[in-house]
Amino acid sequence: MSSSPIKFPSPVGGVPFSHDFDPSIVFIVFFALCLPVAVYRLMNQQRRTYIIISVMFFCIERVINFSLRAAEARSPVKRTERFYVTYLQGAYGTGFIGLGQALTVILRAYLVYTTRGEVAVGGKAAPFALSSRSDTRLPLTEEYAISSDAGVFQPLPMSPMEDDPDRRMQIRRLLRIISFVYWVAVILSAVSGGLYWSGITDSNKGKLVQQTRYASTIIVLLQLQATNAIAIWAWKTRPRSVQSSRVLLISFFISILSIVAMYRLAVMANETTALLSTTRASLNMPSEKTAFYVLHIAPEGLVAVALLLLDMKGLFCMGMKGDTALNDNVQSQ
């Protein structure tokens, strides 16, 4: 009596077939073109941050990643080699986590900066001491009054924002926790990718792969929403210093990365009995590959290129390293 084939988690992104060659080349070119932009940013002292370095490494990894996919697409033998399968599954699980961490670093630097009021940061007064709204607003607002002698509307002097060390510490604690938990997700994703090959022939390890990659993705999705909630909370509770445009930009990036997490959660329940299977739920069908490129790779690429093209250092008032201080005794911006 023959035993039934062992089912194991379908590989996210599937195994590259010949029809994967063209999209692989497209993404190689896309991520390769991001590298000169990253180098330019690093050479510009006014815009240089560690975030650029992390995004640059992400782009380099994706160039390598899709080079391997292109090689597999042209070589059937490589499609079932342990190195290729293990590497790709591990890389897809951790790539968008790094981008999520970058957004946390950016948000922390910005929100900490907005708590300083007129306290100098690097010798310069914070630009948030006055309202970000224009003085050309309509009359009858809190910043205007009728002059007793001229009978016309004139702007009233704005009171400067006060330094708020308690709020600053609260923001640091919250976002420090989020940054730490991201590393938990990275470890779980690495375990999932490392065990994937063994899970093909060992059902117990296959279950562990499924559990760890689900746990990692759920953690990241929750972390992204928590980061978004903190950004909105900071804006709503301190609207005169936290600019809505910055919060909305961070929220936009988080929403895009959330697409990746939700896509992964939607497809990771699929199982197959063979890496090269083209049956439904194998994630090897052309329609399934299209969904992978559109909902997993494209959102990552969009966030990465935006982080490179936009002046994140100027927009979010961050220094080279962002804010890494545990308290106000150490200036880290």
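Only one of these is part of a helix (DSSP H, G or I) and more than 30 Å from I232 (Cα to Cα): A91, A102, A109. Name it.
On the way: A102 fails: more than 30 Å from I232 (Cα to Cα); A109 fails: more than 30 Å from I232 (Cα to Cα).
The match here is A91.
What number of residues within the stretch 226-268 satisfy the criterion of being at pLDDT 95 or above and not in a helix (DSSP H, G or I)? The number of residues fulfilling the criteria is 1.
Of all residues in the stretch 286-300, those being crowded, with 21+ Cβ neighbours inside 10 Å and among the acidic types (D, E) number 1. Scoring G199 on the criteria (1) without any contact (Cβ under 8 Å) to a residue 12 or more places away in the chain; (2) more than 20 Å from the chain's Cα centre (by Cα) leaves a single failure, condition (1). Scanning the stretch 231-252 for residues that are out of contact with any helix residue (DSSP H, G or I) (no Cβ under 8 Å at 6 or more places or on another chain) and of a type in the set (S, T, Y) yields T237, S245. Taken over the stretch 173-221, the criterion of being more than 20 Å from F253 (Cα to Cα), surrounded by 16 or more Cβ atoms within 10 Å (Cβ to Cβ) and either among the polar types (S, T, N, Q) or outside the structural domain of G100 (by TED's automatic domain parsing) (or both) is satisfied by S189, S192, S198, Q210, T212. From the list F31, F58, the one residue that fits, being of a type in the set (F, W, Y), in a helix (DSSP H, G or I) and either exposed (fewer than 15 other Cβ atoms within 10 Å of the Cβ) or in contact with a Phe, Trp or Tyr (Cβ under 8 Å, 6 or more places away or on another chain) (or both), is F31. Scanning the stretch 42-55 for residues that are part of a helix (DSSP H, G or I) and more than 19 Å from the chain's Cα centre (by Cα) yields a total of 2. If you go through the stretch 70-84 and keep only what is buried (at least 16 other Cβ atoms within 10 Å of the Cβ) and touching a Leu at 6+ places or on another chain (Cβ under 7 Å), you end up with R79, Y84.
Within the stretch 2-20, the residues that satisfy the criterion of being surrounded by fewer than 16 Cβ atoms within 10 Å (Cβ to Cβ) and assigned to a helix (DSSP H, G or I) are S18, H19.
The values are calculated or read from the model by the stated rules, or taken from the named source; none is laboratory data. Quantities reported herein were computed from a predicted structural model and do not represent experimental measurements. Don't worry about glycine lacking a Cβ; one is built from the backbone with ideal geometry, like all the others, and counts go over all protein chains shown.
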